[in-house]
Each structure stands twice: as structure tokens, then as C-alpha cells.
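Written out below as C-alpha cells is the structure these notes cover.
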Amino acid sequence: MINRNAGRAIVKRLPGFFGAGTLFFAILAGSCPSALAQQPVATPVQKSVEAQALPAPGRYKIDPRHSFAYFSAWHHLVGRVRGRFDKVSGTITVSPDPAACSVDVTIDVATISTQVSQRDDDLRSDAYFDVKKFLTMTYQGRGIHRVSADLWRMDGSLTMHGVTKVVPLTFKYSGVFADTEPNQPARVAFHGTAATKRAEFGMGARDNSAEVGDLKAPDVDIEIDVEADAEPITP
């Protein structure tokens, strides 16, 4: 996130209206922290904490009904525009080997919502996402590394508006649902954050592209919440 001091430092520049809100967005997708399973544990307390930080190894299918990618974009640098994408789908693969963990997420760009229909139509136009030409954005990555006790990072590739860039995603495994019905797959949840710049994806030219392009700090913050169901293991 851009803090208040960073905001003052870039107040002379104009990041304009919107940027890349992904996942995420993988975002999303935050996936696969089961590598902890192979790490030695010194005390029962540590074991309890670590057990909560990872899902069981396997493949998980993202539930579009309970997964959302949110964004917050600078608006003339003194304001913020917030919105979300309402259709997120894909898979998360959890492995005991951190290098083998992976995520493959697709976001339906046309489902963007900022609670203002006129603005949403503008964002769908060729001035921004150009949804008639680029129907979806994707986030794909393989391999994770630990950032802190309960945070992980994936350096995945975000493809949006015909451009692919590496966008780091920091995520936390939120846990497994305790009230799953009998004979139903285990359901897990993740929360992730990322940041990027609209200009890197060829967007925001109408927002004074020279100033947006010169801005060093990200002008879009991304937040993603994902629920995913374990898929049956095929023999």
C-alpha cells in the first residue's frame, strides 16, 4: 500500500484513474504453503502455529461465488477509486515442495464494478481494459517463498490488456472450513495483496501518460480473497 508520506512525495504527478487490479490477483491468488510440513518444530506451540499456516497438499478449485479481487487506484493523487472484479476462477496446487506450488487464475474483466455504471462502462472501453479485445486477465505462477511467520510470496506473471509482467503477490493461508458437510470436499481460504502500475500495462494514457509513466511507486493496490475446494485425488 502507498503510505501517507509516499502519497505526499508523489503529489505532483498524476496517476489518473485506474490501473491493473489483479490477481490476483492471484490472486490470487495466494497458494500452497505446505512446505512447512517438512520443517523441524522446536516446541508444541510452534507446531500449533505452523499447522494453521498451511493447507493439505493437493489441488484446489477456486469457487467463483466466494472469491473476489479488489483494487484501490489513485484518482488525481489526492483521492482513491475503489472497485472489484466479481468473477474469479482457477486452480491452486499445494505441494510439500515450495518450488512445486502453483496458481493459475483467470478474472473476467467485464465483471468490474466501482458502483458507478458510467465509470464501469468507461473502464470496459478501449480507454482502459478494452474488454471487447481482452476478455480476461490471468495470473500464473509457480514456486513460493516464506516472508514471515504466516506470510508467503509468489512472483507470478500477470497478463492484462495484452501485456505480461511479473507482479509479486504476498498472501496468507486463512485456514480450512470447520463446518464442511459430510462427504463434501475440504474448503480452504486465502487472503492476498499486491501492487502495480497502470502504465506498465499500456493503460491510463488519457490520465497524462508522461506523469504516470514517470511515477516510480505503484498507483494501484490489489487485495484478493479466495475460497477453494479440494479436488478428488485421481489414482
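The values are calculated or read from the model by the stated rules, or taken from the named source; none is laboratory data. Computed from a predicted structure; not experimentally measured. Heads up, the Cβs are rebuilt from the backbone with ideal geometry, glycines too, and the neighbour counts pull from every protein chain shown.
Which of the residues that make up the stretch 160-183 are free of Cβ contacts under 8 Å to residues at least 12 places away in the same chain and outside any strand (DSSP E or B)?
Across the stretch 160-183, the qualifying residues are A178, D179, T180, E181, P182, N183.
Name, by its number, the condition in (1) closer than 21 Å to S72 by Cα; (2) touching a strand residue (DSSP E or B) at 6+ places or on another chain (Cβ under 6 Å) that does not hold for Y128.
(2)
Sort out which residues of the stretch 120-159 are touching a residue at least 40 places away in the same chain (Cβ under 8 Å), among the basic types (K, R) and either within 19 Å of K197 (Cα to Cα) or buried (at least 16 other Cβ atoms within 10 Å of the Cβ) (or both), and write them in order of number.
Across the stretch 120-159, the qualifying residue is only R142.
Tell me the residue from L123, L151 that is within 23 Å of D63 (Cα to Cα) and modelled with pLDDT under 95, please.
L151
Could you go through the stretch 78-96 and let me know if any residue there is charged (D, E, K, R), in contact (Cβ under 8 Å) with a residue 40 or more places away in the chain, over 20 Å from S174 (Cβ atoms) and in a loop (DSSP other than H, G, I, E, B).
no
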